[in-house]
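Everything on this sheet refers to the single structure shown next.
What follows is calculated from the coordinates using simple rules that are stated; it is not laboratory data. Please read these numbers as outputs of a predicted model, since none were measured by experiment. No Cβ is skipped: glycine too gets one built from the backbone with ideal geometry, and neighbour counts run over all protein chains shown.
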Amino acid sequence: MAPVPSFPVKVGHIDDVQELNKAKLITVPERFVRDMADRPKLTANISSSSDIPIIDLSKLMEGDKDERFSEVMQLKTACEEWGFFQVLNHGIDLNVLENMEKVAKDFFMLPLHEKQKYPMAPGTVQGYGQAFVFSENQKLDWCNMFALGVEPPCIRNPKLWPSNPANFREILEIYSREIRELCKILLKYIAVSLGLKGEVFEEMFRVAVQAVRMNYYPPCSRPDLVLGLSPHSDGSALTVLQHGKDSSVGLQILKDQTWLPVQPIPNALVINIGDTLEVLTNGKYKSVEHRAVTHKEKDRLSIVTFYAPSYEIELGPMPELVDEKNPCRYRRYNHGEYSKHYVTNKLQGKRTLEFAKIQPNNSN
Ligand code: OGA
Ligand code: NI
């Protein structure tokens, strides 16, 4: 969640989708209606064999030698072939997750004028509104977002941290601390799964940047025409997603050119590899494209944490992962510059990663 763009942004009027839903319109406003090719197919009935991998963190951390080895191997396969996995037994107290879900939901349920006290300025990514909108003719997502920079303190915008719900700030602090620890642990095992020393990312990232985005998808009368969230990959190193408990299924990942729904497992967290880890691992671990779809009757809440290196650092593929068979595919760059590039462009599949590719026309 980097700096504000330095160019003027004209986005036109953006309807608040919760208000549209309340108005019980039968037709969806044109700006939300996707071009034919981008519309979701809602009929897919996917067998459980195509569910994303599951990693049991307690086995990684406390299992016997064989269990640890086998779990590390599963983590490696998950990162290489899926870029996504669900983590069980993550060690975070369920009250912390429940409290976060409750204050996020309570926030979205506030009257519009109350939420608008924390506005996301056009072209920026913190506050309440729709991020990644840069023009008047860009299609809009059927989603309300509330996003906040959390760590380090210099990326915080305290004016956007709401005083209503009253305990929001305190709960977000506790939640963010726990998720940060989880990210560090996961990155350690990800390093191990690459044959690297466990501390390599922690040392490289310096004071990591952490931001949270709460996404609320109200029901939509025409889920076949709209998207909840445009296809994209995350600019982070790791992303941690928590699904609301009674939420509809909505997250989809692109695997072998097919959109697969992610079936939430109660109390598990969904983890995905972001662009930064794709670059660091020279493409061995993939930052996979994903999107969200909406539901005719049910709403959906997701709480998403992005964990990334300090803006200060320079990064590129790690030398250990570059050799004759795996030539270097990305250039070195400053992470702050990449973050800026990411937040000043609309979400468009994996387009933003072209920034780092050595051969931009190389198909991925
Ligand atoms: C995101 C994201 C998916 C979801 O916020 O980057 O991919 O299901 N969210 O809300
Ligand atoms: Ni995402």
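Relative to the longest principal axis of the Cα atoms of the chain, the long axis of helix 94-108 lies at roughly 30 degrees. Binning every alpha carbon pair distance of the stretch 221-351 at 10 Å from zero, what are the percents per bin? Reading the bins upward from 0: 12, 38, 32, 15, 4, 0.
I'd like the FRET efficiency for ASN89 and LYS245, computed as 1/(1 + (r/R0)^6) with the beta carbon distance as r and R0 of 22 Å, rounded to 0.05. Here the calculated transfer efficiency is 0.75.
Distance between the pseudo-spin-label points of ILE174 and ASP38 (7 Å out from Cα toward the beta carbon): 4.0 nm. Near TYR330, the amide H atoms lying under 5 Å from its own belong to ILE358; only residues 5 or more places off or on other chains count, and H is placed 1.01 Å from N.
Highest mean packing comes first when the peptides 24-31, 219-226 are listed by Cβ atoms within 10 Å, giving 219-226, 24-31. Quotient of the Cα radius of gyration of the stretch 284-334 and 2.2 N^0.38 Å, N being its number of residues: 1.80. Residues ILE271, ILE52, ranked from the fewest to the most other C-beta atoms within 10 Å, line up as ILE52, ILE271. If a paramagnetic tag sat 7 Å from the Cα of LYS102 along the Cα-Cβ line, which residues of the stretch 161-183 would have the backbone N under 13 Å from that point? 165-168, 171-172, by backbone N distance to the label point. Normalising by residue count, the chain has a Cα convex hull of 138 Å³ per residue. Arranged from fewest to most other beta-carbon atoms within 10 Å of their beta carbon, ASP56, ASP141, ASP93 become ASP93, ASP56, ASP141. Quick check: the angle from helix 168-193's long axis to the longest principal axis of the chain, C-alpha only, nearest 10 degrees? Helix 168-193 sits roughly 30 degrees off the main axis of the chain. The length gained by stretching the chain between GLU320 and GLU67 to full extension, at 0.36 nm per residue less their Cα-Cα distance, is 88.5 nm.
Using a/c under 1.5 as the rounded threshold, could you call the stretch 12-150 rounded, prolate or oblate? The axes a ≥ b ≥ c are square roots of the C-alpha gyration tensor eigenvalues, and prolate needs a/b larger than b/c, oblate otherwise. Taking the square roots of the gyration eigenvalues as a ≥ b ≥ c, the stretch 12-150 is prolate. From helices alone, the chain scores -7500 deg cm²/dmol at 222 nm; the rule is -39500 (n - 2.57) for each run of n ≥ 4 DSSP H residues, then divide by the residue total. First measure r as the distance between the Cβ atoms of ASN137 and GLN116, then evaluate 1/(1 + (r/R0)^6) with R0 = 25 Å and state the FRET efficiency to the nearest 0.05. With R0 = 25 Å, the Cβ-Cβ based efficiency is 0.55. Most simply put, the chain has about 90% antiparallel DSSP beta bridges, counting only bridges with both residues inside it. Normalising the average separation of contacting C-alpha pairs (under 8 angstrom, six or more residues apart) by the number of residues puts the relative contact order of the chain at 21 percent. Between the helical axis of 65-77 and the longest alpha-carbon principal axis of the chain there is an angle of about 50 degrees. In this structure, the residue pairs whose Cα-Cα separation is over 29 Å, taken from LYS255/LYS296; LYS102/LYS340; LYS115/LYS296; LYS65/LYS197; LYS139/LYS296; LYS117/LYS357, are LYS102/LYS340; LYS117/LYS357.
The residue list HIS243, THR305, GLY274 was ranked by how far each Cα lies along the charge dipole of the stretch 236-364 toward its positive end, using unit charges on Cβ atoms, and HIS243 comes out on top.
Remark: the chain carries a charge dipole of roughly 940 debye about the Cα centre, counting +1 on each Lys and Arg Cβ and -1 on each Asp and Glu Cβ.
By definition, a body whose alpha carbon gyration tensor gives a ≥ b ≥ c is oblate when a/c is 1.5 or more and a/b is not larger than b/c, and the stretch 156-307 fits this oblate description.
Note on TYR217, TYR189, TYR175: ascending count of other Cβ atoms within 10 Å places them as TYR189, TYR175, TYR217, the fewest first.
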